[in-house]
Amino acid sequence: MKRSLRAWLWRVPLDQEIEEEIDLHVEMRTRELIARGFDPAAARERAMARMGDVATVKRTCVDLGRKRDREMHMAQWLGELRHDLRFTLRQLRATPTFTLVATLTLALGIGANSGIFALVDATLLRPLPYPDAGRLVTIWETSGTNTRRFASAPNMLDWNTRSRTFEKVAGFTPNVGGMVMAGVDGMAETYSRQWVTSGIFDVFGVKPIAGRTFLSSDDERRAHVIVLSEGFWEARFNRDPSLIGREIKLDGILWTVVGVVPKTFTILGRTSFWAMRPILNLPPRARGGSGLQVVGRMKPGIAVAAGQADLEAVAAGLTREYPDTNTGRSVRIEPLHDTMIGTDLKLTSMLFLGVVGFVLLICCANVANLLLARATARTREFAVRAALGAGRRRIVRQLLTESVVLSIIGGAAGLAVGWGILEVAPRLIPDGLLPETVSLKFDARVIAFCAFAALGVGVVFGIMPAWQATSFSSPEVLGSESRAVTGGGRLRSLLVAGEVATAVLLLVGAGLLLRTLIAVQSYDRGYRAESVLSMLVDPLGSSYPTPEALQQFLDQVEQEVRAVPGVQDVAWSTALPLGESLYGDFALTYEVAGDPPVEESKRPTTRYQVVSGSYFSTIDLPIVAGRAFDSRDRRDSAKVCIVNEAFARTLGGRSPIGMRVGFRVAGSREGETNYGEIVGVAKQVKGRPDEPKDYVQIYVPLAHDLSDDMLLLVRPRSGDAAALTPAVRAAIARIDKEQLVSVRDITALEDVEWSATGRHRFRAAMVAAFAALALALAMVGVFGILAYSVQQRVRELGVRRALGARTADVLRLVAVNAAGVVGGGAALGLLLSLVLGRLIGTMLFGVTPFDALTFTAVAVVLAVTAAVSIAGPAWRASRIDPAVALRDR
Amino acid sequence: MPTEPSKTPNALLHGALDALLLKTLTRGPSHGYAIARSIEETTGEAVQIEDGSLYPALYRLERKGWVEAEWGTSELGRRAKLYRLTDAGRAQLATELATWKKFSAGVSKVLFAS
């Protein structure tokens, strides 16, 4: 305490301090020597000599003095900080309601932000969980307008060997399928399997935790080899190391387990094991095919554009060498990160980040408001301190300490809120929104974000009230009669108006997304069945070697299931009327027989779906012209097809019925064209509610294009289709006596729809929740300033009452001020919405960013909630008893 | 160490300088010259404080918090920086005295061994 006094009283520069000391010393020593009999000149000389090198002495002392001052300042600063902290904690304990409200507000704001930060971090900031992930790219084949085609294996092999910019290129099939293995209890069980080419683990840079991964020699031998995921190895084989090198029977064939890779490794989709797909020495026609999603690892330091140019040159060479299959085909590469984190997810992350950012701003404004009110009430305290010698900076520092402490407490509570959000989030996020490789983690990065946010927030919302509270003149405050000076009212009104504007902005956003959701849910799907059960039935090829046997199996299953009580209709199909087709992006080119021939690469493409005769009645999809498939369409009958409305529209007004169309796999030879006569037109099915344009589609009868891996669709007479699952499975088992058929992907069609609209629901729900939070916070702000101003004006209002003001007058007096704040804020918010609405334009469907209905609804909601928050203080003002108000000081 | 004088009492005193300064200040606050003079007089001029090392020593003591400074008036009526012993300085002095006692007893035992 005494030491710190020096800082206040000791105001001499250091050099002068030491100079004076030495001067005095030499002077006194000289006098002493003169007194002893030396003559003055000699005395002075001796005195100087005793001091030695004055410059060095001074330098040493200045140096020591400087260090001393620094340490002293530090000690003083720490002492003040300790004092401020003690004082702050006492203040917070003394006003528990204030502390609780402020902490909760901050905890909500910071917590919501940290939760969303985890999402943004996972999707936008963090690299994918592979070594040197920046060098990984997806390589798509392109042909015509299709820029995201899966590649053919021979092309991929040539990219691998001929490119100079890639270390290695490998591929996998994007869909995860299943394989049947004898289960623990002897029953057949299906486990998920993904096909990969031999180099895939090397490309991703994944090291096995047991055994090895695939080698190109495996491919040369066309070996049946699999690599297990750690999770499957653990769950099914109890991490048995002796399994490596052993054979297990899958789909009736022996496969060798060569190794295990860590749990963290996923490509696209979760799978139990990876099976090697041999791609060496394929027949030449395989080059025309597709089906591999290709990933490449570029050499270090290669830019994506350079890799692109290199591969384009390779592809051009392949086109020259293999004109039959490769004409019109090229490549496009994109960073793997972009492939895995789609634009939709990026936009959603950015949207949420923006929204929670606004919520945090409102939280800050609210707490700043509370602090302002408190600081205003404490003006006298500050004036007294200033009068006692505390500088303005010192008082501001005290107040900043208070706000930072508050924000740290709020941040700690926010951390808990964020943790809670991340615990619950995975259950709320719709399937498929987040790729498998992305996980939301509560980690050091989130904690760091929280700490950073808390500190920033503490300074931001603290500095303004602190400055405001200290702009006064002490004598005026101390002399004034009132308990507090009503400063800062204007600032507080502005803050609340800003809060209202922000809340309005978020409400408009939520409104637009809700309208989108409604539009998405009420769109015309084309088919009318309410509930349909779907399951993938895979009669393994080897069990039913001939088309006749397969056809018989499918017919038998259909009959058996149709006989199940409660079943109304049954059908087979290669695709669901919603979501991805089994073929992925696979599409056929087509041409109308008799029309002038069109160059291969310019031919239109169509989706191709194989269905059994009862498909249209099962999902209740109307045939708008012609007929549905029926018993006339047998294996040996003339080829027929049904087209959809979008297809019919491409014919330029001609009637499609009776027309012949030729369709074939893009890139295949002319001779492989299939011709069929159009016998009917089916109503348009919308695969996705927000798809940009209607799909062109051709339906072909099952009898004319048999394949395994068929979807069985079952429609119940009434009620929930999922309830039929056990009965249907039992029916299939009665036909499949050897238990070799794999039945999987059991879903109800309505659940698939749900997941297709899931992201709209998720976005709308999240933004609506945050907007509601913002509205509530803003209204707390409105209530706060109003209640406070009524309290400040009790005396004035009392006088008015005493002078005969009616209740209505008082109400008006109080409400006009609040209405101005809310109205101004709302106007600003609506204006901002007009500007910012465009930013979410791509997420909207069936509604424009300037939707009048949404804007009106927001205005109404705001008016109602504002009325509620104004009502309390206004009622209180109207009940002021003049006698009490004037007596009570 | 070219500036270090050879075997004079001052050189021996080097380690004891702090203790001497602190001890002198127990008589009350005083400025640098007065401290030096007091030591010289007390020891009958046997110990001469090197004026050049006096001030760095005092600054060191102040930095350690054993003494603190205040402005006062010198005998000449001029402003003078006075050093005052702090509680920490008093405690330090006690430690130094104990150390010195032990040290000098040890040295004496060797030097005057018969």
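The values are calculated or read from the model by the stated rules, or taken from the named source; none is laboratory data. Since this is a predicted model, take the numbers as computed values, not measurements. Methodologically, a virtual Cβ is constructed for each residue, glycine included, from the backbone with ideal geometry; neighbour enumeration extends over all protein chains shown.
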**Study point:** the range B:89-105, subset of a type in the set (A, V, I, L, M, F, W, C) and over 16 Å from the mean Cα position of the chain (by Cα), residue nearest to the other protein chains (Cβ to nearest Cβ)
**Key:** B:PHE103
Check your understanding: All but one of (1) more than 7 Å from chain A (Cβ to nearest Cβ); (2) in a helix (DSSP H, G or I) hold for B:ARG27; which doesn't?
Key -> (2)
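For the range B:51-69, name all the residues that are over 21 Å from A:GLU71 (Cβ atoms) and either touching a Leu at 6+ places or on another chain (Cβ under 7 Å) or more than 7 Å from every other protein chain (Cβ to nearest Cβ) (or both). Spell out how you get there, then give the answer.
Going residue by residue through the range B:51-69, those that are over 21 Å from A:GLU71 (Cβ atoms) are B:51-54.
Answer for the range B:51-69, where residues must be over 21 Å from A:GLU71 (Cβ atoms) and either touching a Leu at 6+ places or on another chain (Cβ under 7 Å) or more than 7 Å from every other protein chain (Cβ to nearest Cβ) (or both): B:SER53, B:LEU54.
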Check your understanding: Looking at the range A:281-293, which of its residues are closer than 17 Å to A:LEU318 by Cα and hydrophobic (A, V, I, L, M, F, W, C)?
Key -> A:LEU282, A:ALA286
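Yes or no, residue by residue, for (1) more than 22 Å from A:VAL356 (Cβ to Cβ); (2) modelled with pLDDT of 85 or more:
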residue: A:VAL767; (1), (2): no, yes
residue: A:ALA776; (1), (2): no, yes
residue: A:MET779; (1), (2): no, yes
residue: A:VAL782; (1), (2): no, no
residue: A:GLN791; (1), (2): yes, no
residue: A:VAL794; (1), (2): yes, no
residue: A:GLY798; (1), (2): yes, no
residue: A:THR807; (1), (2): yes, no
Review point. Is there a residue in the range A:88-104 that is crowded, with 20+ Cβ neighbours inside 10 Å, in contact with a helix residue (DSSP H, G or I) (Cβ under 7 Å, 6 or more places away or on another chain) and β-branched (Val, Ile, Thr)?
Key: yes
Check your understanding: What is the number of the single condition among (1) of a type in the set (Phe, Trp, Tyr); (2) part of a helix (DSSP H, G or I); (3) more than 8 Å from chain A (Cβ to nearest Cβ) that B:TYR83 does not meet?
Key -> (2)
Check your understanding: Is it true that some residue in the range A:197-214 is crowded, with 19+ Cβ neighbours inside 10 Å, over 37 Å from the mean Cα position of the chain (by Cα), touching a residue at least 12 places away in the same chain (Cβ under 8 Å) and under 24 Å from A:PHE166 (Cα atoms)?
Key -> no
Exercise for review: Report the residue count in the range A:699-715 for those that are in a strand (DSSP E or B), surrounded by 22 or more Cβ atoms within 10 Å (Cβ to Cβ) and touching a Ser or Thr at 6+ places or on another chain (Cβ under 8 Å).
Suggested key: 6
Review point. Any residue at all in the range A:491-505 that is more than 30 Å from A:PRO849 (Cβ to Cβ) and modelled with pLDDT of 75 or more?
Key: yes
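Can you tell me which residue among A:VAL537, A:VAL561, A:VAL570 is in contact with a strand residue (DSSP E or B) (Cβ under 6 Å, 6 or more places away or on another chain), closer than 19 Å to A:ALA722 by Cβ and part of a helix (DSSP H, G or I)?
On the way: A:VAL537 fails: part of a helix (DSSP H, G or I); A:VAL570 fails: part of a helix (DSSP H, G or I).
After ruling out the rest, the residue left standing is A:VAL561.
If you take the residues in the range A:836-856 that are of a type outside the set (S, T, N, Q) and in a loop (DSSP other than H, G, I, E, B), which one is farthest from A:GLY354 (Cα to Cα)?
First, pick out the residues of the range A:836-856 that are of a type outside the set (S, T, N, Q): A:836-841, A:843-847, A:849-853, A:855.
Still in the running and in a loop (DSSP other than H, G, I, E, B): A:844-847, A:849-851.
Values: A:LEU844: 17, A:PHE845: 20, A:GLY846: 23, A:VAL847: 21, A:PRO849: 17, A:PHE850: 19, A:ASP851: 21 Å.
Top of the filtered list is A:GLY846.
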Review point. Which of the following residues is more than 9 Å from chain A (Cβ to nearest Cβ), part of a loop (DSSP other than H, G, I, E, B) and modelled with pLDDT under 85: B:GLY72, B:GLY77?
Key: B:GLY77
Revision key, fill the gap. Just one listed residue, out of B:SER108, B:SER114, is more than 30 Å from A:PRO13 (Cβ to Cβ), more than 8 Å from every other protein chain (Cβ to nearest Cβ) and modelled with pLDDT under 85, and it is B:SER114
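So how many residues does the range B:30-61 have that are part of a loop (DSSP other than H, G, I, E, B) and more than 15 Å from A:GLY52 (Cα to Cα)? Step through it out loud before you land on a result.
The first filter runs over the range B:30-61 and keeps only residues part of a loop (DSSP other than H, G, I, E, B), leaving B:31, B:43-50.
Those left that are additionally more than 15 Å from A:GLY52 (Cα to Cα): B:31, B:43-47.
Residues in the range B:30-61 being part of a loop (DSSP other than H, G, I, E, B) and more than 15 Å from A:GLY52 (Cα to Cα): 6 in total.
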Check your understanding: Looking only at the range A:361-411, which residues are touching a Lys or Arg at 6+ places or on another chain (Cβ under 8 Å) and either buried (at least 22 other Cβ atoms within 10 Å of the Cβ) or of a type in the set (Asp, Glu) (or both)?
Key -> A:ASN369, A:LEU372, A:ALA373
Study note, to complete from the structure: The correct count of residues that are within 11 Å of chain B (Cβ to nearest Cβ), surrounded by 13 or more Cβ atoms within 10 Å (Cβ to Cβ), among the small types (Gly, Ala, Ser) and assigned to a helix (DSSP H, G or I) in the range A:26-84 is 3
Check your understanding: Within the range A:93-104, is even one residue within 30 Å of A:PRO426 (Cβ to Cβ), in a helix (DSSP H, G or I) and more than 10 Å from every other protein chain (Cβ to nearest Cβ)?
Key -> yes
Review point. In this structure, does A:ARG801 turn out to be within 48 Å of the chain's Cα centre (by Cα), surrounded by 18 or more Cβ atoms within 10 Å (Cβ to Cβ), farther than 21 Å from A:GLY825 by Cα and in contact (Cβ under 8 Å) with a residue 40 or more places away in the chain?
Key: no
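Any residue that is among the polar types (S, T, N, Q) and under 30 Å from A:ASN366 (Cβ atoms) - is there at least one of those in the range A:139-156?
Restricting attention to the range A:139-156, the residues satisfying the condition of being among the polar types (S, T, N, Q) are A:142-143, A:145-147, A:152, A:155.
Cutting the leftovers down to under 30 Å from A:ASN366 (Cβ atoms) gives us none.
Within the range A:139-156, not a single residue is among the polar types (S, T, N, Q) and under 30 Å from A:ASN366 (Cβ atoms).
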**Study point:** Candidates A:LEU399, A:LEU406, A:LEU370 - the one that is modelled with pLDDT under 85, under 27 Å from A:ALA501 (Cβ atoms) and in contact with a Leu (Cβ under 9 Å, 6 or more places away or on another chain)
**Key:** A:LEU399
